[in-house]
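S.K.: My questions all concern the structure below.
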Amino acid sequence: MTTPPKAKKFRIRRSPTQAAGAHATAERFERDEPPAGEAAAAAPTGQRPRGVPPRAPRELNPLEASVADGTEDGFPEEGFNTAGRRAPASAAQSMAATPPGGSAEHELAEIRKEGLTGRQLRMARRLAQKHGLPATSDYDAVRLLRRNGIDPFHRANMLELVSADGKPPQRAENQDRVQLPQTVDNSPKLPSPKVMDAAERARSIMEIQADIARRRRRKLSLLFTRLAFFVLLPTLIAGYYFYAIATPMYATKSEFVIQKAEVGSTSLGSLFAGSGLATSQDSITVQSYLTSRDAMLRLDADLAFKDHFENPEIDAIQRLGANASNEEAYKLYKRNVKIGFDPSEGIIKMEVVAASPELSAAFSEALIRYAEERVDNLTTRLREDQMAGAVSSYQEAEEKRAAAQAEVLRLQQELGVFDATSEASTLNGQIATFETQLSEKQLQLQQLLDNARPNQARVEGVRGDIRRLEALVGDLRAKLTDAGGTASGESIAQISGQLAVAQSDLETRTLMMQQALQQLEAARIEANKQTRYLEMGVHPVAPDQPTYPRAFENTILAFLIFAGIYLMISITASILREQVSG
């Protein structure tokens, strides 16, 4: 079977001459006769001898039927670019018209004039390949087949292209594989008879330039229209508001810094004592407080913040609505109270905006007062906790010391002894004196007794002195050691022990009180370290001219904002348009 065509099928109306030729060919196939003009070419190879009756007509196979009835194969029978061509002539007429010994170009020109269809040319090329003819084109294949006495359009030759088993015939082994070419239009490409002169060419160029300029003007006009509608018109509206409608506002600026107590120290923390890092946390806390609802509500309670901005003289955009809620007032408060913190220097900058310069300065001073109270309250609890323990310890030590001192005084009063040590020393001195006298009296008595006839009166007198001295020494020793030796009934040793215990307790309590006092002083120093205070750098001063609105700057800013919005929208639209079109 032949390979089905891949090209699109076309239905082309045939001319009457071609239709008659097709019917005649079909009749010749049915009678099994060669077409006119092909008998001479077919005689040497397949001519039937005379006197032999013709074969009985046989049933045509599908391929023969398709050739007989002219089945459409997707290509027009008259070929491509065949407008104005005449009906193809017969092979015999073509061979007769070709002069013997003519050149190959003349033969190819005559074959092209026959108006062969693409199907006929392809069959001729395939038949030439089957017979091993070196054809360079479809028309050259027709020429070579005719020169070799083979009619490329004979029924028998066409049927030989397909074998009995339905497989294509084998090609010659020495023949290259050649792809079947398409129909080639070799008609001369004549230039157009209409030639443009210089004037017409210049007029065409001017028309093109005028059309390009007209389209550019139209695009520019559309661009300016969009810019005027989306950029210039909103900018003009904003400028009109800033110059003619906006209410003048007065801004009061102030700067302050949070400091801590300067305490001499050699620790690592003292390196950052003079920088903003030491109080950055407190500064951030104060900044957060001044921008909070608590500060707004306190300012409204003290200076009627909401009533001031509800004044109907203020324009509608900056005015606070009547009976506004706290949330609406807080939004307005955040817009009119601007607080910034510089972490490198630790400076807090505040700007308060109001419709009146006096109220602007009053609002600023009130907020500074609130900030100072907040700073003072930041470390109050810490300082109170540190001092409370130290003070209580000192008071307890002082009370116990007083109790110990009272106990010593009580003992001194009850025992009648101011100082037991001095009393014991006195008694020891007296005992030593009396013992010395006793020793002298004993020596004197011994001296008297050494006489042969001692004076009895003097001996008795000396013995009496010795007895009195011994009794006195015994009494004095009894006061030192025996109970009841004194008026209180206790010995000097007991009194001395009691007073020593009381004195030791008094000294201990005194030492503890001194330590508590030292702790109290240390706690007071540490509490002073935690002290924070607010130091003003720039005091709030009421302005004499309106600070806002800045009409020119705000108008330029509005223009840039609207231009940027338009640019972003146009770029986005262009990208989306390109993606959709792509």
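The values are calculated or read from the model by the stated rules, or taken from the named source; none is laboratory data. All figures in this text were calculated on a predicted structure; none of them were measured in a lab. All Cβ positions, even for glycine, are placed from backbone atoms using ideal geometry, and neighbour counts span all protein chains on display.
S.K.: Identify, from the list Arg369, Arg381, Arg401, the residue that is at pLDDT 85 or above and out of contact with any strand residue (DSSP E or B) (no Cβ under 9 Å at 6 or more places or on another chain).
M.R.: Criteria check complete, one pass: Arg369.
S.K.: Determine if region 242-250 includes at least one residue that is modelled with pLDDT under 95, surrounded by 11 or more Cβ atoms within 10 Å (Cβ to Cβ) and polar (S, T, N, Q).
M.R.: Yes, region 242-250 contains a residue that is modelled with pLDDT under 95, surrounded by 11 or more Cβ atoms within 10 Å (Cβ to Cβ) and polar (S, T, N, Q).
S.K.: Okay, moving on. Yes or no: region 267-277 includes at least one residue that is surrounded by 12 or more Cβ atoms within 10 Å (Cβ to Cβ), among the hydroxyl-bearing types (Ser, Thr, Tyr) and at pLDDT 90 or above.
M.R.: No, region 267-277 contains no residue that is surrounded by 12 or more Cβ atoms within 10 Å (Cβ to Cβ), among the hydroxyl-bearing types (Ser, Thr, Tyr) and at pLDDT 90 or above.
S.K.: Would you check if there is a residue in region 319-328 being under 23 Å from Pro248 (Cα atoms), assigned to a strand (DSSP E or B) and at pLDDT 90 or above?
M.R.: No, there is no match, as no residue in region 319-328 is under 23 Å from Pro248 (Cα atoms), assigned to a strand (DSSP E or B) and at pLDDT 90 or above.
S.K.: Here is a follow-up. In region 338-356, how many are assigned to a strand (DSSP E or B) and touching a Leu at 6+ places or on another chain (Cβ under 9 Å)? Walk me through it before giving the result.
M.R.: The first filter runs over region 338-356 and keeps only residues assigned to a strand (DSSP E or B), leaving 338-342, 347-354.
Those still in the list that are touching a Leu at 6+ places or on another chain (Cβ under 9 Å) too: 339, 348, 350, 352.
Of the residues in region 338-356, 4 are assigned to a strand (DSSP E or B) and touching a Leu at 6+ places or on another chain (Cβ under 9 Å).
S.K.: Do we find a residue being of a type in the set (Lys, Arg) and more than 30 Å from Thr379 (Cβ to Cβ) anywhere in region 246-262?
M.R.: No; the residues of region 246-262 include none that is of a type in the set (Lys, Arg) and more than 30 Å from Thr379 (Cβ to Cβ).
S.K.: Also, I was wondering about something else. Among the numbered criteria (1) out of contact with any strand residue (DSSP E or B) (no Cβ under 7 Å at 6 or more places or on another chain); (2) among the charged types (D, E, K, R); (3) not in a helix (DSSP H, G or I), which one does Lys331 miss?
M.R.: Going through (1) out of contact with any strand residue (DSSP E or B) (no Cβ under 7 Å at 6 or more places or on another chain); (2) among the charged types (D, E, K, R); (3) not in a helix (DSSP H, G or I) one by one, Lys331 breaks only (3).
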